[in-house]
Amino acid sequence: MFDFFKSRRRARLRAQPIPDEWRRTIERNVPIVRRLPSSDRQELFGHVNVFLAEKHFEGAGGLELTDEIRVTVAAQACLLLLHRETDYYPLLTSIIVYPSTYVVSDERPVGGGVWEEGDEPHLGHTQQNLSALVLAWDSTLHGARAVDDGENLVFHEFAHQLDFESGGADGTPPLESSRQYASWARVLGAELEALRRASEAGSPSVLDEYGAENPAEFFAVATEAFFERPVELRNRHGALYAELRAFYRQDPAAW
Ligand SMILES: [Zn+2]
């Protein structure tokens, strides 16, 4: 019953036009949206309505939240949802936004059973079972406006959320079939190894070397490249591009 009401409410929200002010914000701050076919743009705007109705935003570190911030985050997050059945990041409740890089007190192992305490600067963060996602607003905006640099903080963090939906932080979002799982594991596993080798050798890659860290970071970094450097990714990592195209059901290289 609950689901029935939820999907009816979402359908109603999706059918509503977004306010002109939001549309102008998206055009100004999220220029990748201008590249979309117009039917995709309409679908995206509908998702933005649902996303903003359902997610709770919170300003931190003195940041005063505005519609500009909410809409700029939502438009980027929702681009990852097009053409699929989606439950709108069901594990995520709140988005916490800092004005800029924020510092997290951290303890990390430095070997030999010794832990080091330190203050780590962060641009963004999310993790499984946290139901929150944290973003630095300046990096969010810069990532959105610089469309072709292959770096996008919001795509990165929301790709982690998609990854969590399949029950782990293992770089595999929910896929359609066992065949798709098999080819995903084969292709992304090989590409991760290739990125590790490239990063050790100091050779440049379309993919940020941070992706060599582990499969979860690899998927997040590959998502950034897929939307922001699609032609290079398709040309140099054709099999990876094909896996991402099948999952996202979008073909940014053709935009
Ligand atoms: Zn990450």
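The values are calculated or read from the model by the stated rules, or taken from the named source; none is laboratory data. Nothing here was measured: the structure is a model prediction, and the numbers come from that model. We place every Cβ from the backbone using ideal geometry, glycine too, and count neighbours over all the protein chains shown. In case anyone asks, the SASA skips ligands and DNA or RNA and just uses the protein heavy atoms, side chains included. Shrake-Rupley method; radii C 1.70, N 1.55, O 1.52, S 1.80 Å.
Looking at (1) within 14 Å of the chain's Cα centre (by Cα); (2) within 16 Å of the ligand (Cβ to nearest atom), can you tell me which one LEU81 breaks?
Here LEU81 meets the rest and fails (2).
Return yes when SER166 is surrounded by fewer than 20 Cβ atoms within 10 Å (Cβ to Cβ), touching a Pro at 6+ places or on another chain (Cβ under 6 Å), among the small types (Gly, Ala, Ser) and under 26 Å from LEU91 (Cα atoms) and no when it is not.
Working: surrounded by fewer than 20 Cβ atoms within 10 Å (Cβ to Cβ): yes; touching a Pro at 6+ places or on another chain (Cβ under 6 Å): yes; among the small types (Gly, Ala, Ser): yes; under 26 Å from LEU91 (Cα atoms): yes.
Yes.
Can you name the residue in the range 42-58 that is farther than 18 Å from SER131 by Cβ and open to solvent by 30 Å² or more (accessible area, probe 1.4 Å) and, of all such residues, is farthest from the chain's Cα centre (by Cα)? Break it down into steps so the answer makes sense when it comes.
Filtering the range 42-58 down to residues farther than 18 Å from SER131 by Cβ leaves 42-49.
Cutting the leftovers down to open to solvent by 30 Å² or more (accessible area, probe 1.4 Å) gives us 42-43.
Values: GLN42: 20, GLU43: 18 Å.
Per the criteria, the residue is GLN42.
If I ask for residues that are of a type in the set (A, V, I, L, M, F, W, C), within 16 Å of the ligand (Cβ to nearest atom) and within 16 Å of ASP208 (Cα to Cα), which ones from the range 113-168 would you list? Outline the logic, then answer.
To start, the set of residues in the range 113-168 that are of a type in the set (A, V, I, L, M, F, W, C) comprises 114-115, 123, 130, 132-137, 141, 144, 146-147, 153-155, 158-159, 162, 164.
Applying the additional criterion that residues be within 16 Å of the ligand (Cβ to nearest atom) yields 123, 130, 132-136, 153-155, 158-159, 162, 164.
Across the range 113-168, the qualifying residues are LEU123, LEU153, VAL154, PHE155, ALA159.
Given the conditions (1) more than 25 Å from THR101 (Cβ to Cβ); (2) open to solvent by 20 Å² or more (accessible area, probe 1.4 Å); (3) within 12 Å of the ligand (Cβ to nearest atom); (4) not aliphatic (A, V, I, L, M), and given that GLU217 satisfies all but one, which numbered condition is not satisfied?
(1)
Kindly indicate whether any position in the range 183-195 is within 16 Å of the ligand (Cβ to nearest atom), over 28 Å from ARG35 (Cβ atoms) and open to solvent by 20 Å² or more (accessible area, probe 1.4 Å).
Taking every residue of the range 183-195 in turn, none turns out to be within 16 Å of the ligand (Cβ to nearest atom), over 28 Å from ARG35 (Cβ atoms) and open to solvent by 20 Å² or more (accessible area, probe 1.4 Å).
Please verify whether the range 198-212 includes one or more residues that are in contact with a Ser or Thr (Cβ under 8 Å, 6 or more places away or on another chain), more than 18 Å from GLN250 (Cα to Cα) and more than 16 Å from the ligand (Cβ to nearest atom).
Looking only at the range 198-212, we keep the residues that are in contact with a Ser or Thr (Cβ under 8 Å, 6 or more places away or on another chain), and these are 198-199, 205, 209, 212.
Right, trim to more than 18 Å from GLN250 (Cα to Cα) and you get 198-199, 205, 209, 212.
With more than 16 Å from the ligand (Cβ to nearest atom) added as a condition, the list becomes 198, 205.
Yes, the range 198-212 contains at least one residue that is in contact with a Ser or Thr (Cβ under 8 Å, 6 or more places away or on another chain), more than 18 Å from GLN250 (Cα to Cα) and more than 16 Å from the ligand (Cβ to nearest atom).
Quick check on the range 175-188. Is at least one of its residues touching a residue at least 24 places away in the same chain (Cβ under 8 Å) and closer than 27 Å to THR140 by Cα?
yes
Which number in (1) open to solvent by 60 Å² or more (accessible area, probe 1.4 Å); (2) of a type in the set (Ser, Thr, Tyr); (3) touching a residue at least 40 places away in the same chain (Cβ under 8 Å) marks the one condition that SER39 misses?
(3)
Scanning for something open to solvent by less than 80 Å² (accessible area, probe 1.4 Å) and of a type in the set (Asp, Glu), does the range 3-13 turn up at least one residue?
Kept after step one, since they are open to solvent by less than 80 Å² (accessible area, probe 1.4 Å), are these residues of the range 3-13: 6-7, 10-11, 13.
Applying the additional criterion that residues be of a type in the set (Asp, Glu) yields none.
The answer is no, given that none of the residues of the range 3-13 is open to solvent by less than 80 Å² (accessible area, probe 1.4 Å) and of a type in the set (Asp, Glu).
In this structure, does TYR98 turn out to be at pLDDT 95 or above and farther than 22 Å from GLN250 by Cα?
On the way: at pLDDT 95 or above: yes; farther than 22 Å from GLN250 by Cα: yes.
Taking the combined requirement at face value, the residue satisfies it.
Do we find that VAL134 is outside any strand (DSSP E or B) and among the hydrophobic types (A, V, I, L, M, F, W, C) in this structure? So that I can check it myself, show each step before the final result.
Numbers: outside any strand (DSSP E or B): no; among the hydrophobic types (A, V, I, L, M, F, W, C): yes.
In short, no.
Name the one entry in ASP148, ASP163 that is outside any helix (DSSP H, G or I) and touching a residue at least 12 places away in the same chain (Cβ under 8 Å). First the steps, then the outcome.
On the way: ASP163 fails: outside any helix (DSSP H, G or I).
The unique qualifying residue is ASP148.
Answer yes or no as to whether GLY61 is of a type outside the set (S, T, N, Q), open to solvent by 10 Å² or more (accessible area, probe 1.4 Å) and more than 15 Å from ALA144 (Cβ to Cβ).
Numbers: of a type outside the set (S, T, N, Q): yes; open to solvent by 10 Å² or more (accessible area, probe 1.4 Å): yes; more than 15 Å from ALA144 (Cβ to Cβ): yes.
Yes.
Does ASP119 meet the test of being in a loop (DSSP other than H, G, I, E, B) and either of a type in the set (Lys, Arg) or open to solvent by 60 Å² or more (accessible area, probe 1.4 Å) (or both)? Before you say what the answer is, go through the steps one by one.
Details: in a loop (DSSP other than H, G, I, E, B): no; either of a type in the set (Lys, Arg) or open to solvent by 60 Å² or more (accessible area, probe 1.4 Å) (or both): yes.
No, not satisfied.
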